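Participant: Quick one: the structure is below, and I'll ask about it shortly.
The numbers here are math on the coordinates, done by the rules we state, and not lab data. As the structure is a prediction and not an experimental result, all values here were calculated from the model. Note that we place each Cβ from the backbone using ideal geometry, even for glycine, and neighbour counts take in every protein chain shown.
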Amino acid sequence: MSVIKEMVHRRVPQIFGLYLGGSWAAIQYVDWLVNRYGLSSYLTDIAQVTLVSLIPTVLLLAYFHGAPNRQKWGRLEKIGIPVNALITAGLLFFLFSGKSLDAASQTVTIEDEYGKQMKRSIPTENARRRLALFAFDNQSKNNELDWLQHGISFALFYDLSQNMFLDLWSSEWLQDRVEAAGFSNGVNIPFALKQKIARDMHLDFVITGNYQSDGENLQLDSEIYQTKLGKKIAGASFRGDNYVDLIDSVAIFIKNNVDLPEQSRINAVDLPLSEILTSNADAFENYAKGRFANNFRKDYATAQQLFEKAVADDPTFASALWDLSGVYLNNGQEVQGKTVLEKAMKHHYKLPERNQFYLKSFYYFVNQEIDKQFALLKMWTELYPQDVNAHLNYGSALNQRNNFDGAIKQWQIAADLDPEKQYILHNIGFIQFKKGDFESALASYRRYAEAYPNEYRSFYKLGDMYEDLGDFAAAKSNFEKALLLEPGGVAAKIALARVSLNTGNPVIAGEMYADALASCTSLIDSTNVLDGIMRFYQYKGQVRKALDIHKKRLALLKRSTNPLSFNIEYQILGIEPFVEAQDFDGATKILANTKNELPESLKKLVAFGELRVFLRQKDIPRAEAALVDVIAGIDLYKREELRHFVQYARGIIAEAKGKPDSALAAFQSRIEMEPWREIHVSTNLDIVRCYRKLGKFVDANQLVKKLLKIAPHSPGLQMEMGHLAAARGDNSLAITHFERALEIWADAEPDFRDAILAREMLGKLRPTS
């Protein structure tokens, strides 16, 4: 009997054919189950691998037991079938070990900002796709179409945001990394750099493309690349005269080619871009140009004009209304800002859901409904657990409420989602530092330095931490490592200058600051160096010179910061250099001008600056009045992280009223609120001073010994040690400390208050001839 006849007699072809047909049907059924019920897409792969790998068993069974009449089991099938089963099991383990077999979606119960509970189906992690949407290149040789480079990327981001299975990074969100690589406008980027950025951020796909125009029609070419290997997955061209419709076509092309589960299309909202953005071509163009002016060039006046044109062309353009309201509010135009924001909220239905979270959060903040904003941020993280910004924003809100553990948890999730956002891990270390858990903070910084040994910021942060703890040798070592990794790095040079100052080498520190200033290549570097130089002059008792440097820094900051942030962060909260120089007229003028520029609802924030001025002037009635406004602001905006300043003010006020015991309690409460302040020199000097006034010399000396390890060359500490020795009757020791303070202040300005006081004390303590 021939081989073929033998096979047919044993029914091998028949059985094998039935097996293949049955396997195909089984795979189709499993695939239908996966797509119908949102199960893990790996189940289809498991079914395929299992059925293919069991083919040897099927052939053995068919050959030895397929013929008519019953056959006995032989040695070959008794051994072969179990071996095949073991190989199949091993193959499944090797291919799918560690793979998530969770469903593509899961049902969660969430609570909205009104306290209403609801059930929602959200994608699981393994079902999500993470996309980098880089700027499209203009190949039309028509510069008037440059606005489309980032306009296309943003519009795609907007369109694709409707799909919960996609996590997206637009060209605007990628700009920090792109700019750091030398592409300031974020366009015409080599693919290798795009791939590196996407790989570093653990994104699945790179979306890129270009466009050209013949004067009438635009041709849009888009490509999708798999990040890991840089393999091109798909490419397509679209041509037409309607830019919005073309971009919508690109969005559909992307969704069809990034391996989304079928579940992502079931009951999915997928409105055309013209419905959720705008159908007006002029409005779209003006809006895209406005975003570029606002986000890339920091040209807020031009951005305002362009946004105004966009909403004039399309009054229902929700995203343009929202951005215009932000520009108005940043410029202090509160009435216009709130009016436009109400219009944006009226048309919020046009925004994709995740964009509505941004808008609503902004709306609740502007209208001072902070509890609703907080509830909304929590809901955002539950609906979009893979959204980095959701966790960052919620973590920040928790930090503002002094919920340090909650903030750490949210930021750790964000760091895991986007490991390239290194500052998140540094923020975690800083929160641990704020908690007073210095060992955990050091451990966090060390772990990051070990994971990223070629990243200079790793060692910079470690050095910063060691410096705060008073370990200047370790601080210097880490700063030097940072400088080796980033030759010419301004941040490390500033830090090394600071260490030299803190270890009693002001001459070397001055030279280092000068070198750092000469190394500056960016505005932000210049402002950071000027801040260091200002503190250098304050240390030497040259407070008016320090103020001059501060004014130069303010001029630079005004160029790179939106007006609202500039007024709050640098004019109000940054008023201290004027106070130190006792330029109270200058401080009062700045605060008055700032108050005029702020929106009505934020004018009371000026009290934070006024309080510092009144405390230094010892104007207690006005300080107490300002303190009431400060407390009201903290309560209103739930900014518990600022509550420690209230205790500081209460301490100074109590001390001025001759109540050192009450002052001591307030200063100690400040440390309880922010445990890291137990190593903060200025905070502890307030406590030492109260101990001295209460006659608690033992407590004062113990605290002084601790401070000497942290700041051995602090002139303020030497002054307080002099007062303490004098109060104990040890005039000789007191003289020594006052002289040490005056050595540091050898070049102090003639009317520098603390140096005058030190000389007066020496005059009283030195024996008269």
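Participant: Give the peptides 136-147, 160-171 in descending order of average Cβ contacts within 10 Å, highest first.
Facilitator: By packing density, highest mean first, the sequence is 160-171, 136-147.
Participant: To make sure I understand the rule: partners must be lysines, Cα under 26 Å from the Cα of Lys72, and not fewer than 8 residues away in the same chain. Which ones qualify?
Facilitator: Lys5
Participant: To continue, here is another question. Neighbouring Cβ atoms within 10 Å as the yardstick, rank Cys520, Cys690 fewest first.
Facilitator: Cys520, Cys690
Participant: Run down the lysines and flag those whose C-alpha is under 28 Å from the C-alpha of Lys228, throwing out any fewer than 8 positions away in its chain.
Facilitator: Here the lysines satisfying the reach criterion relative to Lys228 are Lys99, Lys194, Lys196, Lys255, Lys421.
Participant: Placing unit charges on C-beta atoms (Lys and Arg positive, Asp and Glu negative, everything else neutral), compute the dipole magnitude of the stretch 3-96 about its Cα centre in debye, rounded to 20.
Facilitator: Around 480 debye, computed over the stretch 3-96.
Participant: Sorting check: for 251-259, 82-90, which peptide has the highest mean count of neighbouring beta carbons within 10 Å, and how do the rest follow?
Facilitator: 251-259, 82-90
Participant: Shifting gears a bit: Cross-link partners among aspartates and glutamates for Lys696, C-alpha distance below 15 Å, same-chain residues fewer than 8 apart left out?
Facilitator: Candidates past the 8-residue exclusion: Asp661, Asp686, Glu720.
Participant: Moving to a separate point now. Please state the shape class of the stretch 712-769: rounded when a/c is under 1.5, otherwise prolate if a/b exceeds b/c and oblate if not, all from the C-alpha gyration tensor.
Facilitator: Verdict is oblate for the stretch 712-769.
Participant: A further question on this structure: Using the Karplus curve 6.51 cos²θ - 1.76 cosθ + 1.60 with θ = phi - 60°, what ³J(HN,Hα) values do you get for each residue of the stretch 298-306, in whole Hz, with x for Gly and Pro?
Facilitator: Coupling constants for the stretch 298-306: 6, 9, 6, 5, 5, 4, 4, 4, 6 Hz.
Participant: Note down the relative contact order for the chain as a percent, whole number, built from C-alpha pairs under 8 angstrom at least six residues apart.
Facilitator: The value is 7 percent.
Participant: For the peptides 149-157, 191-199, 204-212, what is the packing order when you average, over each peptide's residues, the other Cβ atoms within 10 Å and list the highest mean first?
Facilitator: Details: 149-157: 25.0, 191-199: 17.8, 204-212: 21.7.
By packing density, highest mean first, the sequence is 149-157, 204-212, 191-199.
Participant: Additional query: Here are some values of log10 I(q)/I(0) by the Debye sum over Cα atoms at q = 0.06, 0.07, 0.10 Å⁻¹: (1) -0.42, -0.57, -1.17; (2) -0.50, -0.64, -0.98; (3) -0.51, -0.66, -1.15. Which one was computed from this structure?
Facilitator: Label of the calculated value: (3).
Participant: Take Asp405, Asp245, Asp31 and order them by how many other Cβ atoms sit within 10 Å, fewest up front.
Facilitator: Fewest-to-most Cβ neighbours within 10 Å comes out as Asp405, Asp245, Asp31.
Participant: Here is a follow-up. Describe numerically, in nm with one decimal, the distance between label points set 7 Å from Cα along Cα→Cβ at Ala746 and at Arg622.
Facilitator: The modelled label-to-label distance comes out at 3.9 nm.
Participant: Let me ask you something else. Please label the shape of the stretch 3-96 as rounded, prolate or oblate, based on the square roots a ≥ b ≥ c of the eigenvalues of the alpha-carbon gyration tensor (a/c under 1.5 means rounded; beyond that, a/b larger than b/c means prolate, else oblate).
Facilitator: Since a/c reaches 1.5 but b/c is at least a/b, the shape of the stretch 3-96 is classed as oblate.
Participant: Explain nothing, just compute: Karplus ³J(HN,Hα) = 6.51 cos²θ - 1.76 cosθ + 1.60, θ = phi - 60°, for every residue of the stretch 693-701 in order, whole Hz, x for Gly and Pro.
Facilitator: Per residue, the Karplus-derived 3J(HN,Hα) values read 5, 8, x, 8, 5, 5, 4, 5, 5 Hz.
Participant: Thinking of the stretch 177-218 as a set of Cα atoms, what percent of all their pairs are more than 14 Å apart?
Facilitator: Roughly 56 percent, rounded to a whole number.
Participant: Then there is this: Going by how many other Cβ atoms sit within 10 Å of their own, how do Ser2, Ser565 line up, fewest first?
Facilitator: If I rank by nearby Cβ atoms, fewest first, I get Ser2, Ser565.
Participant: To the nearest 20 Debye, how big is the dipole of the stretch 617-755 about its Cα centre, given +1 on the beta carbon of each Lys and Arg and -1 on that of each Asp and Glu?
Facilitator: Values: 20 positive and 21 negative charges, 92 e Å.
Dipole size: approximately 440 debye.
Participant: For the chain, what is the calculated [θ] at 222 nm in deg cm²/dmol (nearest 500), taking -39500 (n - 2.57) for each run of four or more DSSP H residues and dividing by its residue count?
Facilitator: Result for the chain, helices only: -20500 deg cm²/dmol.
Participant: Also: Any idea what angle helix 404-417 forms with the longest principal axis of the chain, computed on alpha-carbon atoms, 0 to 90 degrees, nearest 10?
Facilitator: 40
Participant: Taking R0 as 56 Å, what FRET efficiency do you get between Leu708 and Arg559 from their Cβ-Cβ distance, rounded to the nearest 0.05?
Facilitator: Efficiency, rounded to the nearest 0.05: 0.85.
Participant: Moving to a separate point now. So who's got an amide H within less than 5 Å of the one on Asp137, skipping anything under 5 residues away but keeping other chains? H placed 1.01 Å off N, in plane.
Facilitator: Residues meeting the criterion, in which the H sits 1.01 Å from N, are Gly209, Asn210, Tyr211.
Participant: Within the set Lys434/Lys558; Lys481/Lys540; Lys232/Lys350; Lys545/Lys589, which residue pairs have Cα atoms separated by over 23 Å?
Facilitator: Those over the limit are Lys434/Lys558; Lys481/Lys540; Lys232/Lys350.
Participant: Once phi is turned into θ = phi - 60°, what whole-Hz ³J(HN,Hα) does the Karplus curve with 6.51, -1.76 and 1.60 give for every residue of the stretch 204-211, x standing for Gly and Pro?
Facilitator: So the J values, rounded to whole Hz, are 7, 9, 10, 9, 9, x, 8, 8.
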